[in-house]
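The structure appears right after this line, and notes come after that.
The values are calculated or read from the model by the stated rules, or taken from the named source; none is laboratory data. Bear in mind that the values here come from a model prediction, so they are computed numbers and not experimental data. Every residue, glycine among them, receives a Cβ derived from its backbone with ideal geometry; neighbour counts consider all protein chains shown. What goes into the accessible areas is simple: the full protein's heavy atoms, side chains included, and nothing from ligands, DNA or RNA. Shrake-Rupley method; radii C 1.70, N 1.55, O 1.52, S 1.80 Å.
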Amino acid sequence: MSEQQQQSADRTEDAAQDPGDVTPEDKRDEKRDVEAVSQFVERFAAQLVEAGMQRMSARVFACLLASDSGVLTSAELGERLQVSPAAVSGAIRYLSQVDMVSREREPGSRRDRYRVHSDQWYEAMARRDNILTRWEGTLREGVESLGEDSPAGRRMSETLVFFEFLQAELAGMLQRWREHRDKLRAEYGDAAR
């Protein structure tokens, strides 16, 4: 099964496990220290910004991640983050384009809600695999055009070998993660019984 097929299967599995319908048990968000959660969201968002993510997108992503359901409407995001609907909209547009959140229609309503998937980090790493493949092709062209024996060609060749190594390791690591994740989910299921 290809990485893209695996990602699709994983997302389908996520949707089946987390329907997004908020039940009384899922209202734990309301019982939490709102200020402590807000501080976590801002702290994690700041770390995402340091890693290169846009500020508002980082805040929206961290807010979704910190909600028990992993699903919030634009109004809920705006209220929790104390920002305008336009700010939420721009952040969601970016997060959707990079597949960090998905948009879905709220049942019986015209409102959209936004979901962060439990396998978000796995999917982000799997997408890196595709990026590495493109970079490798470009680097090969660079080595050829610079010449393998030139200092720049050797430097580029070493970068290429690094990315090839990283890609080979990444495939094995993602497979080991899927196996580990499935064991964790089985344990969660046993604990819920």
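Would you please state the base-10 log of I(q)/I(0) at q = 0.27 1/Å for segment 107-165, with intensities from the Debye formula using one equal scatterer on every alpha carbon?
Here the Debye-derived log intensity ratios amount to -1.01.
Protein chains only, probe 1.4 Å: how do His180, His117 rank by accessible area, largest first?
From most exposed to least exposed: His180, His117.
Could you sort the peptides 149-155, 61-67, 125-131 by per-residue average Cβ neighbour count (10 Å cutoff), highest mean leading?
Details: 149-155: 12.1, 61-67: 22.4, 125-131: 14.9.
Final packing ranking: 61-67, 125-131, 149-155.
Compute the length gained on full extension between Val161 and Lys183: take 0.36 nm times their separation in residues and subtract their Cα-Cα distance, giving the result in nm to one decimal.
Details: separation 22, 0.36 × 22 = 7.92 nm, distance 3.36 nm.
Value of the extension gain: 4.6 nm.
Could you state the accessible area per residue of segment 119-159 in Å², with a 1.4 Å probe and every protein chain left in place? Could the numbers behind the result be given before it?
On the way: 2670 Å² over 41 residues.
Per-residue value: 65 Å².
Going by average Cβ density within 10 Å per residue, which order do the peptides 71-77, 169-175, 97-103 take, highest to lowest?
Ranked by mean Cβ neighbours within 10 Å, highest first: 71-77, 97-103, 169-175.
Above 18 Å lies some portion of the pair distances; for segment 141-193, what is it as a whole percent of all C-alpha pairs? Before the final figure, lay out each step's value.
Numbers: 798 of 1378 pairs.
The share of Cα pairs beyond 18 Å in segment 141-193 comes to 58 percent.
If you roll a 1.4 Å probe over segment 44-193 with all protein chains in place, what percent of the accessible area is carbon or sulfur?
For segment 44-193, the apolar C and S fraction of the accessible surface comes to 53 percent.
For Arg176 and Gln97 in the same chain, what is the full-extension length gain: residue separation times 0.36 nm, less their Cα-Cα distance, in nm?
My answer for the length gained is 25.7 nm.
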